[in-house]
Structures are given as structure tokens and as C-alpha cells.
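Here the structure is laid out as C-alpha cells; the discussion comes afterwards.
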Amino acid sequence: MITQEVNPLGEKIRVLLADDHPLLRAGLSKVLSLEGDIDIVAEAEDGEEAIKVVERLLPDVVLMDINMPKINGIEATRRIKQRFSDIQVLVLTFHDEEEYVLALMRAGAKGYILKDVDPSIVAKAIRQVHNGECYFPSRLITQVMEKVSQAEKEGRNVESDLLTKREQEILEEIVQGKSNKEIAETLFISEKTVKNHVSNILRKLEVTDRTQAAVLALRSGIVPIKELHG
């Protein structure tokens, strides 16, 4: 537990900074504290802690990383928005992929910015989501909307389009009934890596277990029946 709290001042935007990298948190906190209207009221090192801090402090904005221990940023965002709809979530990440934008939008995040942007952009995004507006890279939004539109026209599950090549390969192995260990051996990757990919697959397909994923994969044509081996 490393939560660091200070008292909010005046009408400043009260921000919770959630990221598992101490140096990044320290840098962001220092830079954003120079902004006259932004106050970093707490820090959290994982998604579980972020949720607890939100419950206690009710910040205006949560600046959220995606890949964090215990509970990832997407799930933490979903839980926070379900309980506290007025609290805005702005995601700060290294991932520049449309699959994350769609997942975050569905989880309730109001914004998405990359960690290599100028600090002034972070401050601008915080102000924008605090005002109830969205802040997503126009290029990624365009790509996501194109995928959604095309999938709807063809009657497909849009999440299947957002599976990475590796996730598609692992889903095909899941349909074959293979365990994580067997998949790892087949694809020459670690069992832990397989487990992480499976979690992402379940989230993207909006199912709760491997059986449901396999059924959806076959029913929707994500994995053609001809690929099954006897």
C-alpha cells in the first residue's frame, strides 16, 4: 500500500494517479502539480488499490495505466464507472492499438493518451475529460469506427476483428480443447504468456470462460469449423 495523499485546494481538479511504475508516477505528479488547476490527491500502484482510493476520496479524474498488477486498468475502469459514474477516467498508456480504445470506451473511459506525449497534452486531456468531453486520438477513433461499421454490415462480432494474430492462434488452440500448457508447447511461448493472452481473449469476446469462447468462435466463424482436427 503506497497511497500518497494531499488535501485538495480550492476548485482544483482532483486527480488520482494510478500506475505501477514509481518513477513515472513521481514524474507525472511533479509536472502536473505545476499546473495551477490540477491537484494530485493520491497515487495507487495497481488497479485494486485505485478502486479503494476512489471509494475513499472520490477524485474528479483518475489517470489510469492499463497494465497493472492485481486488476488491470480496463477492469478497474469498468468497476469505477459502474459505481461512480461522475468520476472520469483518462487512460495513459504505451499501447497505440485500436483494440484498447474500443475496450476502454466500452469500460467507460473518457480519454486515451500515450505516455510519450508532451506533459501539456496530459494536462489538457485531464481538463477536457473533467468537463465531460472525450479525449481520444482521432486516428485511432477513425480506425475503431471503421472496424465497428464493417463488422455490423457483415453481421460479425467486432471483438473478433480486434484479436491480435497471436490471440487468434491461441483461440484456435482453445477450440481444439488444448490446455494452457499444451498451447504453450505448440506455439513455443511460456505458459504465463498464454494465460495473459487467454484473459485478453475472454475480455474482448465478452465471455467468462474458455468454453464460451470456443462456442462463440465457432458460431461466429472466428475459427472456421474446417480448422478442427478429428
- Here segment 172-179 yields Karplus 3J(HN,Hα) values (6.51, -1.76, 1.60; θ = phi - 60°; whole Hz; Gly and Pro given as x) of 4, 6, 4, 4, 6, x, 7, 7
- Residue by residue, what Karplus-based ³J(HN,Hα) values in Hz, rounded to whole numbers, does segment 73-81 have, using 6.51, -1.76 and 1.60 with θ = phi - 60° and x for Gly and Pro? x, 5, 5, 4, 4, 4, 5, 5, 5
- Message: Sort 184-195, 119-130 by the packing proxy (mean of other Cβ within 10 Å over each peptide's residues), most packed first.
- Response: 119-130, 184-195
- Query: Which whole-Hz ³J(HN,Hα) couplings does segment 45-52 yield from phi under the Karplus relation 6.51 cos²θ - 1.76 cosθ + 1.60, θ = phi - 60°, glycine and proline marked x?
  - Reply: 9, 7, x, 5, 5, 4, 4, 5
- Task: Over segment 12-133, average the accessible area per residue using a 1.4 Å probe and give it in Å², no decimals.
- Result: 42 Å²
- Message: List the residues, sorted by chain then number, that are 5 or more residues from TYR112 or on another chain and whose placed amide H is less than 5 Å from its amide H.
- Response: VAL91, TYR135, PHE136
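The values are calculated or read from the model by the stated rules, or taken from the named source; none is laboratory data. Just so it is clear, the structure is predicted and the values come from calculations on it, not from any experiment. FYI the Cβ positions are ideal-geometry reconstructions off the backbone, even for glycines, and counts take in every protein chain you see. All accessible areas refer to the heavy atoms of the entire protein, side chains included, with ligands and DNA or RNA removed. Shrake-Rupley method; radii C 1.70, N 1.55, O 1.52, S 1.80 Å.
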